[in-house]
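The values are calculated or read from the model by the stated rules, or taken from the named source; none is laboratory data. Computed from a predicted structure; not experimentally measured. All Cβ positions, even for glycine, are placed from backbone atoms using ideal geometry, and neighbour counts span all protein chains on display.
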Amino acid sequence: MAIKLTVNGARHELEVEEGTPLLWVLRDRLGMIGTKYGCGIAQCGACTVHIDGQPKRSCTTPVESVGEAEITTIEGVRGQVADAVRTAWQDVDVPQCGYCQSGQIMSAISLLQSTPDPGDADIDQGMSGNICRCATYIRIRHAIKNAAKAMKS
Amino acid sequence: MFMTEADGVLPPSQEEAEGHALVNLSRRDFLAGVSAGALVIGFALRSGHALGDATAGGLKNVGGGDATPSLFIAIESDGRIILTCHRSEMGQQVWTSMAQIIADELEADWDRVEIVQAVGHPRYGDQNTDGSRSVRRNFHRLRVAGAAMRAMLERAAAEQWGVDAADCHGEQNTVEGPGGRRAGYGELAAAAAGQSIPAESEVGLKDRARWRYIGKEIPSLTVPRIVRGQGTFGIDVQLPDMLVAVIARPPQVFGSVRTLDDKATLAVPGVVRIVRLPTLQPPAAFKALGGVAVVAEDTWAAIQGRNALKVEWEAGPNADYDSQPFAETMMKTARQRGDVRRDRGDVYTALGAADKRIEAEYYVPHLSQSPMEPPAATARWRAGKVECWACVQAPQAARSAVAEACGVPEDDVTINVTWLGGAFGRKSKPDFVVEAALVARALKRPVKVTWTREDEVRHGYYHSVSAQRLEGGLDAEGRCTAFLHRTVFPPIPSTFQAGLDRPSWGELRLGATDNPFAVPNLRLESGDAPAHVRIGWLRSVANIYHAFAIQSFAAELAHAAGRDQKDYLLELIGAPRHVDPREEGAEYDNYGDPMADYPIDTARLANVVREAASMAGWGRELQKGRGLGIAAHRSFLSYVATVVEVEVDESGRLAIPGVWSAIDAGTVVNTRHVTAQTEGGTLYGLSNALYGAITASDGAIEQANFPDWRLMRIDEAPRDMQVKIVESNAPPGGVGEPPTPPAAPALTNAIFAATGLRVRRLPIFTTGEQDRLPIDGLS
């Protein structure tokens, strides 16, 4: 089927098989490899993108269901919150291997957009859908708190 | 900047299109673009003639291997310092640490440093990025390479200026000479290339006090790219005209295809064809597992095509493997006398004479490494030669395995190493690269083989399942007089030699033969167990189950003696001394490094115990339901002690409010990343202890994906963790693995302290059931 997608502000028209997950359209068709495959069943969060600003697991999102909505990926996410998160992530070197971190960062941005000053329980709630096998959780928690502080000042 | 070193040119990636960075640019193109006068002796050395010859000799055989500067360092005329990293970057920040070591002695300006990832080739010496040895085995060698390069730059400057080289000093990318003379490294590069390589004795290494980068908190070289979604992992590789394959593998190791119906598969839009892979013959080694590859235009079509495949499998010789009865059989073995692997005194007589006798049995199941990036490899054949791009820890092993499977000389195989999205031992087994090479050859087109998560969980090289029995004897004062340790597990060598079932000395040395306890009678025995899956190494390997048993049992002895866990552990470790298991009949190689340089030093082990206890406020008043547990273990030549605090409520719900670790890894290169590895390695151990269990039924793995193969999430992780790096001038030890072994026993010792429940069988929680400890309220 023919579809139109808006990814990071750019329009794409392409022919896809109905039901193809957005993840594989991004990676295999558009060459946007920043969004990662981790499980294929919305359990690990590595594939998290924003659809109209909301975090979504692209591995279980049929591409045709996106419609006219704006897709934002790790390559294109911008703004005050994204800047604060990237800076906080770098300040303490949150990532180890980095493979899950696209998804971690997209989830952290969503969390801070809805909850600008998250407590530990908010962080648990907002980030527990993202698995990190390097187990960088201690630094993720610190970085989110640092980003929240930076956003306030 | 990330560049693969080999000839092949990859298409522009997204980031190149966006103008962020040079990615996947071939080494040759890169060098062709380097301006005249650049010092690129590395290239010439690789070609084996011309410029390289002028630089040969000198430093071929320093401690740790070949330190010829051109192997690792190229300086461009504009002053950029291009360093080749021959170890695989998998999150341990080896790009950063290798660069720190070279750049410090080279006196390079850190902001001018760029990294090229080496291909797999014996010229680099060992490249197998496991065993926590990148720093410890390359520290001296890379310092010498950096210092030698600096000496060549200084000599080149001295010649130009007509002054004594002893009066010229490289500092921060500039050589300074008498009378205020200055020349940038870039300007001197061409002349330096003509200098002969100094001998090791002529190379002056810096004093520790003058280190600029080593031992400092230097930010990661990869993280700035990771936070922008840049960087190329194995699964990210894309070549022109490339197809993607997903493989249906036999559920049992050494199983095979009985019947195959591919009609529905070939009807899936995008599927190109299927390829039958050869049936796996023992030993499994690094060969492809066999089965049927579904090759398609893209990943999703390949997955759909595999789903549509109708295969009946021949189960083969492992069809009877069931984890439950196997565990019982192993434990029965552990209840009998086994092969003596280390012996001090007379343990059985001492046990018989003891005032109190304690016995405990421990069980740890199979585990899967489960890096977040599953295995993935891309292969392209041209004129009978194959080039591969893959997330491998051991590119030379990949090269050999591909050459053997394809019947081509190793020189016709090129392995480009991508970033690794985690590895933990899985990616030092290159079976997936072999698959890519075989399928691509059949297709006559480039093919990427992608493993799904289900593939990764079901077709792994599993951490071995183990059963252990410990017996201890206490005298009237509660002192331990006898310590018997029996360990039973299917050994890793079974993967490489069919039928081996005796635990190898190479596994026993991981936490069993090197037991440091100062007890008068001590014995280690092993019992045999056959392997029915591919057994492989996983972060810290046999240390996981050996430390779990020994450090749990130490706490059990303390309890039996009515003593404090930490005090009793220190008493077991005993007086400061060096322990040599070889004196008590053990085969022991000290992780391949000399005992003189890296003794088993009980003073250092005791020190980390005291440090961790002090950090945790050991002995403080705790609320009801809270408990502290401690464990300490030496592995990979480093010492780690960990204290875990748990909080358990009336219903048995568990939380981990804090963890404290002290690590003595000798000289450390990057304090920030040693701290991060200690955090991550500890949580990796806690995750496995809490939830990790891979089980087999009828020879097939029962778990498939993250609901049933469970990994720790942030809400289950410790709320906070503090790490102390012990300052030390000792030679560098390992860092990636040593934090993992003490994590599990520290946790279960804490659970005991909080609740009186002693966990001897891992994991603590059974997936699919509620996470509740089986306690009857809190006393």
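Odds and ends about this structure:
- Some residue of region B:357-370 being surrounded by fewer than 20 Cβ atoms within 10 Å (Cβ to Cβ), assigned to a helix (DSSP H, G or I) and not charged (D, E, K, R): no
- Test for B:V408: is it over 27 Å from the mean Cα position of the chain (by Cα) and in contact (Cβ under 8 Å) with a residue 24 or more places away in the chain: yes
- Taking every residue in region B:155-166 that is in contact (Cβ under 8 Å) with a residue 40 or more places away in the chain and pairing it with any residue that is surrounded by 15 or more Cβ atoms within 10 Å (Cβ to Cβ) and of a type in the set (A, V, I, L, M, F, W, C), at least 6 positions away or on another chain, the pairs with Cβ-Cβ distances below 7 Å are B:R155/B:A165.
- Region B:249-271: number of residues that are of a type in the set (V, I, T), surrounded by 20 or more Cβ atoms within 10 Å (Cβ to Cβ) and more than 14 Å from chain A (Cβ to nearest Cβ): 2
- Residue that is in contact (Cβ under 8 Å) with a residue 24 or more places away in the chain, within 14 Å of chain A (Cβ to nearest Cβ), within 24 Å of B:F424 (Cβ to Cβ) and surrounded by 22 or more Cβ atoms within 10 Å (Cβ to Cβ), where the choices are B:M90, B:M98: B:M90
- Meets criteria (facing another protein chain (nearest Cβ under 9 Å), more than 23 Å from A:Q125 (Cα to Cα) and in contact (Cβ under 8 Å) with a residue 40 or more places away in the chain) for B:G734: no
- The C-beta contact set for region B:211-235 (first residue more than 7 Å from every other protein chain (Cβ to nearest Cβ), second residue part of a loop (DSSP other than H, G, I, E, B) and basic (K, R), distance under 9 angstrom, 6+ apart or interchain) comprises B:R212/B:K206; B:I214/B:K206.
- Selection status of B:R758, away from chain A (no Cβ under 14 Å), under 24 Å from B:K624 (Cβ atoms), out of contact with any His (no Cβ under 8 Å at 6 or more places or on another chain) and of a type in the set (K, R): yes
- Checking every residue in region B:588-602 against the condition of being more than 27 Å from B:L510 (Cα to Cα), in contact (Cβ under 8 Å) with a residue 24 or more places away in the chain and not in a helix (DSSP H, G or I) gives zero matches.
- Residue within region B:613-620 that is away from chain A (no Cβ under 14 Å), without any contact (Cβ under 8 Å) to a residue 40 or more places away in the chain and at negative phi present: yes
- Within region B:300-343, restricting attention to residues that are among the polar types (S, T, N, Q) and more than 28 Å from B:E404 (Cβ to Cβ), the residue that is surrounded by the most Cβ atoms within 10 Å (Cβ to Cβ) is B:Q304.
- Subset tally (residues that are of a type in the set (G, A, S), more than 14 Å from chain A (Cβ to nearest Cβ) and assigned to a strand (DSSP E or B)) for region B:630-676: 6
- Residues in region A:66-111 that are of a type in the set (K, R) and at the interface with chain B (Cβ under 7 Å from one of its Cβ atoms): 1 in all.
- Restricting region B:708-731 to residues that are in a strand (DSSP E or B) and hydrophobic (A, V, I, L, M, F, W, C), the residue that is nearest to the other protein chains (Cβ to nearest Cβ) is B:M721.
- The one condition in (1) of a type in the set (F, W, Y); (2) surrounded by 20 or more Cβ atoms within 10 Å (Cβ to Cβ); (3) under 16 Å from B:L470 (Cβ atoms) that B:Y348 fails to fulfil: (2)
- All conditions in (1) of a type outside the set (F, W, Y); (2) out of contact with any Cys (no Cβ under 9 Å at 6 or more places or on another chain); (3) in contact (Cβ under 8 Å) with a residue 12 or more places away in the chain; (4) not in a strand (DSSP E or B) hold for B:G627, with the sole exception of (4).
- For region A:8-30, a residue qualifies if it is more than 10 Å from chain B (Cβ to nearest Cβ) and in a strand (DSSP E or B), and the qualifying residues are A:A10, A:R11, A:H12, A:E13, A:L14, A:E15.
- Restricting B:R212, B:R208 to residues that are modelled with pLDDT of 95 or more and either among the polar types (S, T, N, Q) or within 19 Å of B:L83 (Cα to Cα) (or both) narrows the list to B:R212.
- Subset of region B:677-707 [part of a helix (DSSP H, G or I), more than 10 Å from chain A (Cβ to nearest Cβ) and acidic (D, E)]: none
- Taking the criterion of being assigned to a helix (DSSP H, G or I), over 42 Å from the mean Cα position of the chain (by Cα) and of a type in the set (D, E, K, R), the residues of region B:154-181 that qualify are B:E159, B:D167.
- Filtered residues of region A:82-104 (kept if surrounded by fewer than 23 Cβ atoms within 10 Å (Cβ to Cβ) and assigned to a loop (DSSP other than H, G, I, E, B)): A:V92
- Among the residues of region A:35-65, those identified as of a type in the set (G, A, S), more than 8 Å from chain B (Cβ to nearest Cβ) and within 14 Å of the chain's Cα centre (by Cα) are A:A42, A:G45, A:G53, A:S58.
- Filtered by the rule that a residue be within 14 Å of another protein chain (Cβ to nearest Cβ), buried (at least 24 other Cβ atoms within 10 Å of the Cβ), touching a strand residue (DSSP E or B) at 6+ places or on another chain (Cβ under 9 Å) and not hydrophobic (A, V, I, L, M, F, W, C), region B:394-425 gives B:T418, B:G421.
- Among residues of region A:105-153, those that are among the acidic types (D, E) and either crowded, with 24+ Cβ neighbours inside 10 Å or not in a helix (DSSP H, G or I) (or both), counted: 1
- The listed residue being touching a residue at least 60 places away in the same chain (Cβ under 8 Å), out of contact with any Lys or Arg (no Cβ under 6 Å at 6 or more places or on another chain) and either surrounded by fewer than 16 Cβ atoms within 10 Å (Cβ to Cβ) or among the small types (G, A, S) (or both), out of A:G67, A:G45, A:G79: A:G45
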